[in-house]
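The values are calculated or read from the model by the stated rules, or taken from the named source; none is laboratory data. None of the values given here were measured: they were computed from a predicted structure. All Cβ positions, even for glycine, are placed from backbone atoms using ideal geometry, and neighbour counts span all protein chains on display. These accessible areas exclude ligands, DNA and RNA; they are computed on the full protein's heavy atoms, side chains included. Shrake-Rupley method; radii C 1.70, N 1.55, O 1.52, S 1.80 Å.
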Amino acid sequence: MTSDLASSLWHHTCREQVNAPELAGDVEADLVVVGGGYTGCSAALQATRDGASVCLVEADEIGSGGSGRNVGLANAGLWLPPRDINAQLGEKAGKRLSQILAEAPDTVFGLIEEFGIACEAVRNGTLHCAHAPSGMGDLENRHAQLVETGAPVRLLGRDEAMARVGSAQVHGALFDPRAGTIQPLAYARGLARAAVESGVALHQKSPATAIERDGDFWRVRTPKGSVKAHALLLATNAYMKPVKGMKTPDVVPVHFFQGATDPLDPALLDKILPGQEGCWDTALVMSSWRRDEAGRLIVGAMGQLDHFAGAFHRNWLRRKLASMFPELGGVTLRQMWYGRIGMTLEHLPKILSIGPNAMACFGYSGRGIGPGTAFGQRMAKALLGGRADVLPVSPVEAHGLPFAGIRQAYYETGATLTHFVKDRGAG
């Protein structure tokens, strides 16, 4: 089992394509963006719509990192509840960030509609499900905090949650009507296609090999060319590769894997997620489930598939599917894949100032779609218009994450042990 994007369902069902040849020769632009995911593509699109010339370079293919591998839940807000965000940033800054990200689904679905992005967009909300009766305490706390911010969320009892999910394994849920589901790779490539149509020079298979100051400009070198620009945005999150002249921002890479069934029988679709909400649970080792446009069920959990414990994860996923939906016992998971989530110590996104007119953004901690889109747009305005006041969080001059490797091992070991123990039991 590899981490190759081609092993994912999203690769096989993506209907969006973008023309992005390899960079060849030396070019100039107002803004150079490194990274072709949600942040980079939304920043490039925003900048060119604001009248700037933009060049974006991507090491592999558009969406080949976390943007093309994730669950596809376009959520409002972050994983942290509002009071925890306020405790980290201060009340004023915390409330502002929460408000910006509360509006992020509007931004995402607005772009999808405006540019006709074919990404299976369904805005029927999401369900944060209690995995056990004890999980309701967490949901009640989150509900109270979100209501304080004016969020239109609703706490569901067990009977309604079971009916919406189609499983007896949920014990209640927090419903957020602002959110929805998308085909994540198609959304990334749709943003890129819209950016190219708006005038962005976009280049795949063009890894940044060196980044340096060139007088008052930045120069990003690739194997066959270079970009000279007034402003620089590093938007690689958990998929940053070593680049000469630029320190890689520290994140804790946490892995999340998924498997997809064949399209389900129509009779099963009337029972399993009939409203097509996207779901995740309150378990310490979180899992997720959702449907796609063709009626496939996609189930996922924390874990990495390409090491000795990959078999534990895969076996657990099959048991999880049968436990939650007994009608699907024995159903084959046709595609299985995984990706990396970039986490920070505080579970908050970071904007790092890396020099004059230069920023890096990372650490969405599993909430890349809405925050990535919103952060990208606002960083483009800040870098090109000198408007630091539009940034969702204040930039920091330095960032360190002690023992990142140990923290990564902690998360993966926890997921492995959980799935190993449950693989020996009932799932």
Quiz item: If you build a Gaussian network model of the chain, linking Cα atoms that sit under 10 Å apart, which residue out of 114, 16, 277 swings the most?
Solution: 114
Quiz item: Pick from 94, 77, 51: which residue has the top mean-square fluctuation in a GNM of the chain where Cα pairs under 10 Å get a spring?
Solution: 51
Practice problem: Report relative contact order for the chain in percent, whole number only (criteria: Cα-Cα under 8 Å, sequence separation at least 6). | Solution: 24 percent
Quiz item: In terms of Cα to Cα distance under 21 Å, which lysines are near enough to residue 271, apart from those fewer than 8 places away along the same chain?
Solution: 320
Practice problem: Starting from the Cα of residue 244, draw a straight line to each of the lysines and keep only those under 19 Å, dropping any in the same chain fewer than 8 residues away. | Solution: 205, 224, 228
Quiz item: In nm, to one decimal, how far is the residue 315 label point from the residue 389 one, both placed 7 Å along Cα→Cβ?
Solution: 6.0 nm
Practice problem: Go ahead and run the numbers for FRET between residue 27 and residue 346, Cβ-Cβ distance against an R0 of 51 Å, rounding to 0.05. | Solution: 0.85
Quiz item: How long are the semi-axes of the ellipsoid equivalent to the range 50-116, from square roots of 5 times the Cα gyration tensor eigenvalues, in whole Å, largest first?
Solution: 27, 16, 15
Quiz item: What trypsin sites (Lys or Arg not before Pro) in the range 170-232 are in a loop by DSSP, with at most 14 other Cβ atoms within 10 Å of the Cβ?
Solution: 224
Practice problem: Might you tell me the accessible area per residue for the range 252-379, computed with a 1.4 Å probe and given in Å²? | Solution: 32 Å²
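If you filter the range 232-319 for trypsin sites (Lys or Arg not before Pro), then keep DSSP loop positions with at most 15 other Cβ within 10 Å, what is left?
On the way: sites: 244, 247, 271, 290, 291, 296, 314, 318, 319; in loops: 247, 271, 296.
Qualifying residues, ordered by number: 247, 271.
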Practice problem: Would you please calculate the Kirkwood hydrodynamic radius of the range 101-260 over all C-alpha pairs and express it in Å, rounded to one decimal? | Solution: 19.7 Å
Quiz prompt | Max mean-square fluctuation residue, GNM over the chain, Cα-Cα springs under 10 Å, options 250, 60, 389 | solution = 389
Quiz prompt | Label-to-label distance, nm, for residues given as residue 113 and residue 17 (7 Å Cα→Cβ offset) | solution = 2.9 nm
Exercise. Over the chain, with every protein chain in place, what whole percent of the accessible area is carbon and sulfur at 1.4 Å, could you tell me?
Key: 51 percent
Exercise. Give me the aspartates and glutamates in straight-line cross-link reach of residue 95: C-alpha distance below 19 Å, same-chain residues under 8 apart excluded.
Key: 84, 103, 106, 148, 176, 346, 389
Quiz item: Once the Cα atoms of helix 104-114 and of the chain are each reduced to a long axis, what angle between those two axes, in degrees from 0 to 90 to the nearest 10, is obtained?
Solution: 70 degrees
Quiz item: Which distance in nm do the two modelled labels at residue 144 and residue 247 give, with both placed 7 Å along the Cα-to-Cβ direction?
Solution: 4.1 nm
Quiz item: Given the Cα-Cα distance of residue 228 and residue 124 and 0.36 nm per residue of separation, how much length would full extension add, in nm?
Solution: 33.1 nm
Exercise. Using all C-alpha to C-alpha distances in the chain, build P(r) with 10 Å bins and read off the rounded percent in each one.
Key: 5, 23, 33, 26, 11, 3, 0
Practice problem: DSSP loop (so not H, G, I, E, B), at most 14 other Cβ within 10 Å: list which chymotrypsin sites (Phe, Trp or Tyr not before Pro) in the range 236-311 pass both filters. | Solution: 308
Exercise. Report the calculated FRET efficiency for residue 93 and residue 332 (r = Cβ-Cβ distance, R0 = 60 Å), to the nearest 0.05.
Key: 0.80
Quiz item: In square angstrom, rounded to the nearest 10, how much accessible surface does residue 394 have for a 1.4 Å probe?
Solution: 90 Å²
